[in-house]
Amino acid sequence: MTVPLHDTDVMAQLRAGTHERHVALEASDWLAAALRDRAAYAEHLARVAAFRAASSTALAPFAAQFSAHGFAPEARDAGPALARERAALGEAGFALPDAAVPAFPPLATFSAAVGCAYVLAGSTLGGRLIARSVRERLAWDSAFYDLYGAETGTMWRAFGEAVRGLGGAFVPAEAIAAADATFVAYGASIADIDLT
C-alpha cells in the first residue's frame, strides 16, 4: 500500500494508511452477526469492552502528552457509556474467555498512540450509523454507539485539529503503522475478522 507521506495533511495520511483495512472491515458481515438478537449484541458489547479496556491500558502512559496537545482524553472516554449500556442490557457481568481477547498492539511512542487514538476517534463517526441499525433491528438505543450524539462531527474535527497541530511532536509513519495495527486488532477482537 502506498501512503502519501508527502501530503502535508497528516489526517489525510492516516486515512490513506488505514484505507485498506477500513474497507475490508466495512465489507464484512460482522454487524449483521452482532445484531442478530440482543444476546448477540450483548456478546458484541463484551468484545468491545475488552478491546476498549486494552486500548485504554495501551494509551494510559501517554495521557499527559494527549492533554498537553489539546486532545482532552477524559472527554473522549467511552468506558462509562459502554458500562451503562451493558448494565441496561442486563449483561454487565458477561465476560469473554481470555483466549477470545487478542493482544492489543504495543504503542512505543506518542505518535503511535495518536495513530491508535485516530482509529478510536474515527469509530465514533461510523458509530452513529451503527446506533441507527441497533435501533432499527433491536429496538434499542445505544448509549455507546451514539456516544457524542449531535456533537460527533464537532468532536471529530477537534481531534483532527489537535493532530494537525502536533508539528514536530508527530512522526506520521509511526502513527500510520499503529493505526493500521489497531484496525487489525479491532477486526480480530470485535468482528472475528483477520485483516492482516
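Just so it is clear, none of the values below were taken in a lab; they were calculated from the coordinates. From a predicted model like this one, the values you see are computed outputs, not experimental measurements. Virtual Cβ from ideal backbone geometry, glycine too; neighbours counted across all protein chains shown.
Key figures
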{"quantity": "Normalised contact order of the range 10-191, rounded percent, pairs of Cα under 8 Å and 6 or more residues apart", "calculated": "39 percent"}
{"quantity": "The range 10-191, dipole about Cα centre (Lys/Arg Cβ +1, Asp/Glu Cβ -1), debye to the nearest 20", "calculated": "180 debye"}
{"quantity": "Computed Rg/Rh of the range 10-191, alpha carbon atoms with Kirkwood Rh", "calculated": "0.95"}
{"quantity": "Length gained when the stretch A60-S133 is fully extended (0.36 nm per residue, less Cα-Cα span)", "calculated": "23.1 nm"}
{"quantity": "222 nm mean residue ellipticity, helices alone, for the chain (DSSP H n ≥ 4; -39,500 (n - 2.57); rounded to 500)", "calculated": "-20500 deg cm²/dmol"}
{"quantity": "Calculated from backbone phi, Karplus (6.51, -1.76, 1.60) coupling profile of the range 31-47 in Hz, x at Gly/Pro", "calculated": "5, 4, 5, 5, 9, 4, 6, 5, 5, 5, 5, 4, 5, 4, 5, 5, 5"}
{"quantity": "FRET E, pair D141, T196, Förster distance 45 Å, beta-carbon r, rounded to 0.05", "calculated": "0.80"}
{"quantity": "Residues in the range 118-157 that a label on R164 would reach, taking backbone N under 12 Å of a point 7 Å out along Cα→Cβ", "calculated": "157"}
